[in-house]
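What follows is a short report on a single structure.
Please treat every number below as a calculation from the coordinates, not as lab data. Small disclaimer: the values here were computed from a predicted structure and weren't measured. Cβ: placed from backbone, ideal geometry, glycine included. Neighbour counts: every protein chain shown.
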Amino acid sequence: MRDKKEPVLETRHLGITFGGLKAVQDFNINIYEGELVGLIGPNGAGKTTVFNMLTGVYLPTEGSVILNGEVLNGKKPYQVVASGVARTFQNIRLFKQMSVIENVKAAITKDTNYNMLDALLRTPRFWRVERELTEKAMDLLAIFKLEGKADQLASNLPYGQQRKLEIARALATNMKLLLLDEPAAGMNPTETAELLECINTIRKRFGISILLIEHDMSLVMNVCERIVVIDYGLTIASGLPEEIAKDPKVIAAYLGE
Amino acid sequence: MKKSITKGYIINIAVIAALMVGFELIKSATGDSQTFKLILVPSLWQCCYLIILAASLNLVLGFLGQLSLGHCGFMAIGAYAAALISLACERAGVFADKSSFSFILVLLGCILAAGILAALIGLLVGIPALRLRGDYLAIITLGFGMIIVNIINNLPFAGQEGLSLGSASASLYKNGLGFGTASKVTFVWVAIIVTLICLTMMFMFIRSKYGRAIKAIRDDEIAAAASGINTSYYKIFTFTYSAFFSGVAGALYACANATLSTSSFAFTNGGILNSTFIVVMVVLGGMGSLTGSVISAIIMFILNYEIKNGIWVKSLTGFLGGMFAYPMLVYAIILIVVIMFRPKGIFGTYELSLVNLIKDIKNYRAKKSKKPDKKEAK
């Protein structure tokens, strides 16, 4: 049903080798607009390596990453963000010494339209842009129910809220594709349920595509429309959640033969 | 929101005006005394350039999170640029003596030119140096600082054969920027105004998208890049911006001294203008607090002055007396004590704001009175 549409993200035979180690080989994925795709696999399978290649942290040694027809290979991380791919990290990376709202505002830097002179002379444009910035940041925080903590230091937030703030920060970059690296790691079931709600809200509101790495199977099976499974850098299965759950190769990779 | 901003501007300007009036009152009351002419005014000059220097390093060290040990090099560039331009202007007959109006223009022009030249060199140094991080950046900036000082030293028209020689330094004093006692008193407003403008420019910088971007880079460079911040651009920009103010500080230094010698900017110099000394100032005041840099520059200046000139130092005997014979040892101990008991410096990342001062004090008191309660509850 989605065949007529062009995919938002397309990778063609994506691969990377570190010395003699083939970390990821022949990785092909198509993500369409508004879709939520899960990427799962045992520890060390190369999931985060895929993320790093998609976001420009690693330069793929083979294949290409194409976002809306634009080749992303060889772009620097900040250029990839400008093209429309934002990510969160497996181990939370917030700007710890900055307040919650500043964390979000910092991510809008590239879309903040005033120059040095405006900042030095505090022109009306500066105040207008800053006011819009505050409103936009507060809007984003409100989705994650963080607006009451806007002025707290990011490092003082509880763990679950730090995760949410990281997603809010990624959303602030105005992207088309969001890469979430284990957003539910270390969360209790209540927090995971809240997170699920947030993910659904942002999908509805922004119409973005999401690629999700997760170990929490209940989350993956619940929200993902399609799932790709990799093991030792190779794609071993991809398809609908029900198919994946029954796939003998996947079961073998997770439980051993 | 808009109202509180206007209120803030009015309060700040009022306080600055009050301080200026206070200074004028002191001047009219004690203007003829030796203490005022020979101690207070020269101290004010020194404080002014130290404040600018410490604050400019804080941009790089406290807000950008990169350790630079080369800021004295930029200061040297500023000092020599200002001095040489002023001499050239005198030779070209732009101003006849220091009382003429055109001299003020030349003076301000020299300060600006010094900043711009230092910024240009800062840009050239920053582009390759900021590819490195942490200790490596510290080493390379230290090297650049030394190279700059040595180049100046060997230039035919500056350095050893130029401004530090007797005759040439006399000409700086007579014909250029070097101020004598009387001119220092006359032009002290220049130092104060330039300092205020520089501090304002730095505050405006950190309270804008630029400040947010560089603080993000300080906290987590990978995450900053993943949030769409062009990290190398903002790093080089901040380094250049900071070098500009170091250059301005250098120009003020050239004004406050009748002679210029490259040895006073050298890394091995045991005096107050040592790149490590400025690092101590920034760490003492708080990395990430311009207020802290201002206060600690003043504290360190007074300390330095007291160690060198204080009568009480001479009365110290035994171990203490021995220690105070080596001022650098005292600064090192101060740094160790500060890091042990207040790792974030005196002010941490707190910025003084006159509008919020009363609110901040109330919050602080509330926090203090709360703490013992918590212990009891446990």
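What number, in percent, do you get for the relative contact order of segment B:31-273 if the mean sequence gap of Cα pairs under 8 Å and at least 6 apart is divided by its residue count?
On the way: 368 pairs, mean separation 101.8, N = 243.
Over segment B:31-273, the number comes to 42 percent.
Equivalent ellipsoid semi-axes for segment A:130-251, as square roots of 5 times the alpha carbon gyration tensor eigenvalues: give them largest first, rounded to whole Å. Please report the intermediate quantities before stating the final value.
Numbers: eigenvalues 188, 48, 29 Å².
Working from the Cα gyration tensor, I get semi-axes of 31, 16, 12 Å.
So how far apart, in nm, are the two label points at B:LEU124 and A:ASP151 if each is 7 Å from Cα heading toward Cβ?
4.7 nm
Placing +1 on the Cβ of each Lys and Arg and -1 on the Cβ of each Asp and Glu in the protein assembly as shown, which of A:VAL65, B:VAL248, B:GLY310 has its Cα farthest towards the positive end of the resulting dipole?
About the Cα centre, the residue reaching furthest to the positive side is B:GLY310.
To the nearest 20 debye, what is the magnitude of the charge dipole of the protein assembly as shown about its Cα centre, counting +1 on the Cβ of each Lys and Arg and -1 on the Cβ of each Asp and Glu?
The dipole of the protein assembly as shown has a size of about 1780 debye.
Just how far, in whole angstrom, is segment B:73-152 from segment B:204-275 if you go by their alpha carbon centroids?
Using only Cα atoms, the two centres lie 13 Å from each other.
Over the whole of B:94-104, what's the average partner chain Cβ count within 10 Å per residue? Rounded to a whole number, please. Present the calculation step by step, with values, prior to reporting the outcome.
Working: counts 0, 0, 0, 0, 0, 0, 0, 0, 0, 0, 0.
Mean partner-chain Cβ count within 10 Å for B:94-104: 0.
Could you tell me what a quarter of the Cα convex hull surface of the protein assembly as shown works out to, in nm² with one decimal place? Mind dumping the intermediate values first?
Values: hull surface 148.0 nm².
Average projection, Cα convex hull of the protein assembly as shown: 37.0 nm².
Report the gain in length on full extension from B:SER100 to B:TRP189: 0.36 nm times residue separation, minus Cα-Cα distance, nm rounded to one decimal.
Values: separation 89, 0.36 × 89 = 32.04 nm, distance 1.61 nm.
Working it through step by step, the gained length comes to 30.4 nm.
Per-residue counts of other Cβ atoms within 10 Å, averaged by peptide: what ranking do you get for A:39-51, B:208-220, highest first?
Details: A:39-51: 20.8, B:208-220: 24.2.
Put in order of decreasing packing, that is B:208-220, A:39-51.
Tell me, what is the FRET efficiency for A:GLN79 and A:ARG12 to the nearest 0.05, using R0 = 25 angstrom and their Cβ-Cβ distance as r?
Details: r = 20 Å, r/R0 = 0.79.
FRET efficiency, A:GLN79 to A:ARG12: 0.80.
Once you place label points 7 Å from the Cα toward the Cβ at A:TYR58 and A:ASN43, how far apart are they in nm?
So the label points at A:TYR58 and A:ASN43 sit 1.8 nm apart.
Quote the FRET efficiency, to the nearest 0.05, computed for B:GLU306 versus B:TYR9 with a Förster distance R0 of 41 Å and r equal to the Cβ-Cβ distance.
Details: r = 36 Å, r/R0 = 0.89.
In this case the efficiency is close to 0.65.
Could you check the spin-label model distance between B:ASN154 and A:LEU120? Points 7 Å from the Cα along Cα→Cβ, value in nm.
Modelled inter-label distance: 3.5 nm.
Among the listed pairs A:LYS105/B:LYS7; B:LYS308/B:LYS344; B:LYS98/B:LYS314; A:LYS75/B:LYS235, which have their C-alpha atoms separated by more than 31 angstrom in this model?
On the way: A:LYS105/B:LYS7 25 Å; B:LYS308/B:LYS344 28 Å; B:LYS98/B:LYS314 39 Å; A:LYS75/B:LYS235 19 Å.
Beyond 31 Å between Cα atoms: B:LYS98/B:LYS314.
Measure out, as a whole number of angstrom, how far apart the alpha-carbon centroids of segment A:241-257 and segment A:124-154 sit.
If you average the Cα positions of each part, the centres end up 44 Å apart.
Where does chain A land on the Kirkwood hydrodynamic radius, alpha-carbon pairs, in angstrom? Working shown, then result.
Numbers: mean 1/r = 0.0518 Å⁻¹.
Evaluated over chain A, this radius sits at 19.3 Å.
Going 7 Å from the Cα of B:ASN356 in the Cα-to-Cβ direction, what parts of segment A:66-106 have a backbone nitrogen less than 11 Å from that spot?
Only A:99 fall inside the zone, counting backbone N under 11 Å.
Where in chain B are the DSSP H helices whose C-alpha atoms run 20 Å or more along the long axis and whose mean Kyte hydropathy is at least -0.5?
Span-like helices here: B:2-30, B:41-58, B:71-92, B:101-129, B:134-154, B:188-206, B:231-256, B:290-309, B:327-341.
Other chains' Cβ within 10 Å of A:66-79 residues: what's the mean? Spell out each step's value before the answer.
Values: counts 0, 0, 0, 0, 0, 0, 0, 0, 0, 0, 4, 10, 11, 3.
Per residue, the number of nearby Cβ atoms from other chains is 2 on average.
Tell me the Kirkwood hydrodynamic radius of chain B in angstroms, computed as one over the mean inverse distance between distinct C-alpha pairs. Spell out each step's value before the answer.
On the way: mean 1/r = 0.0454 Å⁻¹.
So the Kirkwood estimate lands at 22.0 Å.
Averaged over its residues, how many other protein chain Cβ atoms are within 10 Å of peptide A:95-106's Cβ atoms?
On the way: counts 10, 4, 11, 8, 0, 0, 0, 4, 6, 2, 4, 14.
Mean partner shielding for this stretch: 5.
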